[in-house]
Amino acid sequence: TELVTSRMANVTDLGTNRSIQLFGDVDTSRKVIRLMVPVGTNWSYCKIEGKKYRQVTATNALKGHSMIVGEYHG
């Protein structure tokens, strides 16, 4: 089955310096997504401007939830 929903989020590119700090390489296809609350369900991918992305890592903080996603070619 396919569940489709949309969420308001702040989406930015993952900076070069931060990409090297976290992953040891520069991958320009990674994005940072900031949400007020976690998604809360299992999901396979999200779409941003027509491209598919999968979660790489996630962080919960007092001010909200953020996750780093990488482009998914599937």
Discussion item. Quick check on region 25-34: of everything there that is at pLDDT 90 or above and not β-branched (Val, Ile, Thr), which residue is surrounded by the fewest Cβ atoms within 10 Å (Cβ to Cβ)?
Written reply: Arg34
Worksheet, complete the sentence: When region 41-74 is checked residue by residue, the ones that are acidic (Asp, Glu) and in a strand (DSSP E or B) are Glu71
Response to the item:
Asn42 meets each of (1) modelled with pLDDT of 80 or more; (2) in contact with a strand residue (DSSP E or B) (Cβ under 9 Å, 6 or more places away or on another chain) with one exception, condition (2)
Fill in: Residue that is surrounded by the fewest Cβ atoms within 10 Å (Cβ to Cβ) [pool: residues in region 9-18 that are part of a loop (DSSP other than H, G, I, E, B) and touching a residue at least 24 places away in the same chain (Cβ under 8 Å)]
Ala9
Worksheet item: Can you find even one residue in region 20-40 that is of a type in the set (Gly, Ala, Ser) and in a strand (DSSP E or B)?
Response: no
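The values are calculated or read from the model by the stated rules, or taken from the named source; none is laboratory data. Just so you know, these numbers come straight off a predicted model, no measurement behind them. Please note: Cβ atoms are built from the backbone with ideal geometry, for glycine as well, and neighbour counts cover all protein chains shown.
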